Protein chains: 2
Amino acid sequence: MELVSKQRCFKGEVRKYTHHSTATSSKMTFNIYLPDVALAGKERVPVLYYLSGLTCNEDNMITKGGALSYLSDERIALVTPDTSPRGAGIPGEDDDWELGTGAGFYVDATQEPWRQNYNMYSYVQSELQQLVAGSFAVDASRTSIFGHSMGGHGALVLALRNSGHYKSVSAFAPICHPSTSNWGRKQFTAYLGSNENAWAAYDATELVKTYGGPMLPVLVDQGDADQFYSSKQLQPSHLVIATETSKRPVQLDSRMQPGYDHSYYFIQTFMKDHIAFHAKHLRA
Amino acid sequence: MELVSKQRCFKGEVRKYTHHSTATSSKMTFNIYLPDVALAGKERVPVLYYLSGLTCNEDNMITKGGALSYLSDERIALVTPDTSPRGAGIPGEDDDWELGTGAGFYVDATQEPWRQNYNMYSYVQSELQQLVAGSFAVDASRTSIFGHSMGGHGALVLALRNSGHYKSVSAFAPICHPSTSNWGRKQFTAYLGSNENAWAAYDATELVKTYGGPMLPVLVDQGDADQFYSSKQLQPSHLVIATETSKRPVQLDSRMQPGYDHSYYFIQTFMKDHIAFHAKHLRA
C-alpha cells in the first residue's frame, strides 16, 4: 500500500492510497478520512464505506459530498473506493461510460473479458475492508455503508448479502431493481451473462425478499427531479413494495425529495441526515 | 443572459448563466445560489461574491467549498464568477496556467494582447454586480466578497478600492503582496506593463496603507502546510504589518491554521467561519 497524498480537513486527514488488488488483478486507489483520534491511535473509530456512481472515481464524494465536517464531529472514518479497475487492458473498457472503466457495478464478473478484473464485489466486501481494518485505527465491528446511484445499488447489495456485517446502509438515488432497468440489465448481461438467474444475487429488490439476520436499518433518498428516476433506472418503489410484502427484518425509510436531481447538489443536501443515521447505528 | 442549468440544493437553487460581457468582450459564465425566499421574490437577500484562484472556473467553490448549507440557513445569495475570459482568441492564452485563461488576476489589463479582454476587475466590480442586482431578488446595498489565493487577492483589492461598497471581505490563502511575489509580478508585468507604479492599485498590502472610508472588517485564513505559503507567494504577514503600521480603518483578523494546505479541504474546513463572519456584517 502506497501513500499518494495526505491533506488535513476539519479535525482529521484525507489520505489517498494505491495498492495492488488480488480481487481485480490491478492497481486500485482509495481515499480514507481519518479523524484525529484515529490518527493519534487514541481510539478505534467506526468506519463508513461510500460507493460512487457511474463515471465517478474515489474523489467525487469526498470532495463534493460535504460529509467531512459531520464525520469529523462524529469521529467516524470514511473510505471511498474507486468504481472499477482502471487500465486493466480489456479491449473497449474505456469506450462506454456505462460499462468497463468507472462502471464496475459492484459485482464479481463471471464472463469474459471481464472475469479476471471486474470483481468489485469481492474487492469492496473483502479485500479492501481487510486492508483498512489491518492498517488503520478503525473498529471493523462497527462498519456501515452507503452510496449513490450505481453505488447505492452496491451498498444495498453488500448489506443485504452480508447479514450482520453492516450496522446500517443508506443510499442516494440508488438503482433499486437493476434486473428490470437498463442500468442493470446491460451490465449484468456483460458481467454475469444472459442467464438472469445469476442476477438476483446482485439485485436489492430480489435480495430483500430473502434477507435473514439482525434488523437492518435502511435509509433511501430520491429526488423527484432526477432524470434517471423519470427514465425508470432507479425504481425506489420496487424496493419499498418488496420490503413491505416480504416482511423480512429490514427497516426501510424511503424518502422522496421534491425538486432535487441526481447530482452532488442533491447528495450534499441530505448528507447530514445520512451521517446522523449511520452515526446513531454505529454508536448504538 | 442565458440560463444554462438550475439545480436544487438545500433550500435554494444553483443556477448557471452565460452572458456577453462588454468588459471582457467575450462570453462569460457564472453561478448564482439563490435561497428560496429570493427565488419566491419574498425577500431581497444579501449577496456574497466569491472569486476563485488560478486554474479554477465558476464551479470549483460552489461544488467543493461546502458553503451552500450555511448560505441556505443564513438566506444569503452567492455569486461565483469565472476567473478569466475563455476562448478570447489571444495567441498563447491557454499555454500557461499562470497567465491568460484561468488567470485573469482581477485586473483591468492595459497591455497588448490582453487589453481588450482581460478586464476582470471591471467585470466583477461593475458589470457582473449590476447584472445580478438587476436580475435577481438581491439587496445590493448588502454585498460582501471573499476568495481564494488569486481570488483572495481579488477580493481584498476590490474591497479596499471601493470604500463602503462591501460590508466585509475575507480570504483563504490570498496573495497578499503580489508586487513582491512571483504570483503577481509575472501577471502584473504581462497585464499592466513593467512600470511598477501601476501595480499598487492591485496590491492589497499597498492599498491598505491608504484606505479611507468606513471600518472594513477583514478575515484571512492561511494554512501553514500550504506549499505556496512556504514558497512566499502569499505573504500574509506583509498585509498584517501594513495594516498595523498604517492605522487605517481596517479591522484585520489574520489567522494561521496549523496543518492545512492550499486545497478545498482547507477551504471547506473554515467555510463556516467565513460565512458566519459575512452574515454578521451583512445583517448588521
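The values are calculated or read from the model by the stated rules, or taken from the named source; none is laboratory data. These numbers were taken from a predicted model, which means no experiment stands behind them. Every residue, glycine as well, gets a Cβ built from its backbone with ideal geometry; the counts of neighbours run over all protein chains shown. We work out accessible area using only protein heavy atoms, side chains counted, and drop any ligands, DNA or RNA first. Shrake-Rupley method; radii C 1.70, N 1.55, O 1.52, S 1.80 Å.
Annotations for the structure displayed:
Conditions tested, residue by residue: (1) exposed (fewer than 15 other Cβ atoms within 10 Å of the Cβ); (2) more than 14 Å from every other protein chain (Cβ to nearest Cβ).
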position: B:Trp199; (1), (2): no, yes
position: B:Val220; (1), (2): no, yes
position: B:Asp226; (1), (2): no, no
position: B:Ser237; (1), (2): yes, yes
position: B:Glu244; (1), (2): yes, yes
position: B:Lys247; (1), (2): yes, yes
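- Pair list, Cβ < 6 Å and 6+ apart or interchain, from region A:256-284 residues that are more than 7 Å from every other protein chain (Cβ to nearest Cβ) to residues that are in a helix (DSSP H, G or I): A:His262/A:Phe228; A:Lys272/A:Tyr70; A:Ile275/A:Tyr70; A:Ala279/A:Glu74
- Any hit, region A:15-31, residues being within 14 Å of chain B (Cβ to nearest Cβ) and either within 17 Å of the chain's Cα centre (by Cα) or at pLDDT below 95 (or both): yes
- Residues of region B:63-81 classified as surrounded by fewer than 24 Cβ atoms within 10 Å (Cβ to Cβ), without any contact (Cβ under 8 Å) to a residue 60 or more places away in the chain and under 26 Å from B:Gln187 (Cβ atoms), total: 1
- Filter pass, B:Ala38 being small (Gly, Ala, Ser), touching a Leu at 6+ places or on another chain (Cβ under 9 Å) and under 24 Å from B:Tyr166 (Cβ atoms): no
- Out of A:Glu93, A:Glu43, one residue alone is acidic (Asp, Glu), over 22 Å from B:Ile267 (Cβ atoms), out of contact with any Phe, Trp or Tyr (no Cβ under 6 Å at 6 or more places or on another chain) and touching a residue at least 60 places away in the same chain (Cβ under 8 Å). It is A:Glu43.
- Within region A:7-24, the only residue that satisfies the criterion of being open to solvent by 30 Å² or more (accessible area, probe 1.4 Å), touching an Asp or Glu at 6+ places or on another chain (Cβ under 6 Å) and under 19 Å from A:Asn60 (Cβ atoms) is A:Gln7.
- In region A:136-172, the residue that is farthest from A:Ile32 (Cα to Cα) out of those that are of a type in the set (Val, Ile, Thr) and without any contact (Cβ under 8 Å) to a residue 60 or more places away in the chain is A:Val157.
- Residue within region B:202-211 that is in contact (Cβ under 8 Å) with a residue 60 or more places away in the chain, out of contact with any helix residue (DSSP H, G or I) (no Cβ under 7 Å at 6 or more places or on another chain) and open to solvent by less than 60 Å² (accessible area, probe 1.4 Å) present: no
- A:Val47 meets each of the listed conditions (1) within 17 Å of the chain's Cα centre (by Cα); (2) aliphatic (A, V, I, L, M); (3) more than 21 Å from A:Ser126 (Cβ to Cβ); (4) more than 14 Å from every other protein chain (Cβ to nearest Cβ) apart from (3).
- Note on region A:173-284: enclosed helices (runs of 4 or more DSSP H) holding 2 or more residues that are farther than 21 Å from A:Cys56 by Cβ are A:182-192, A:204-207, A:236-246, A:264-282.
Okay, residues lined up against (1) open to solvent by 10 Å² or more (accessible area, probe 1.4 Å); (2) of a type in the set (A, V, I, L, M, F, W, C):
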position	(1), (2)
B:Gln111	yes, no
B:Val138	no, yes
B:Ala159	no, yes
B:Ser168	no, no
B:Phe172	no, yes
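- For region B:184-195, the tally of residues that are open to solvent by less than 10 Å² (accessible area, probe 1.4 Å) and touching a Leu at 6+ places or on another chain (Cβ under 7 Å) stands at 1.
- So A:Ser181, is it in contact (Cβ under 8 Å) with a residue 40 or more places away in the chain, open to solvent by less than 10 Å² (accessible area, probe 1.4 Å) and under 18 Å from the mean Cα position of the chain (by Cα): no
- Only a single criterion out of (1) away from chain B (no Cβ under 14 Å); (2) within 20 Å of A:Ser149 (Cβ to Cβ); (3) acidic (Asp, Glu) is not satisfied by A:Asp59, namely (1).
- Applying the criterion of being under 15 Å from the mean Cα position of the chain (by Cα) and not aliphatic (A, V, I, L, M) to the residues of region B:86-113, the residue that is nearest to the other protein chains (Cβ to nearest Cβ) is B:Gly102.
- You will find that of A:Glu98, A:Glu93, A:Glu127, the residue that is charged (D, E, K, R) and surrounded by fewer than 16 Cβ atoms within 10 Å (Cβ to Cβ) is A:Glu98 and no other.
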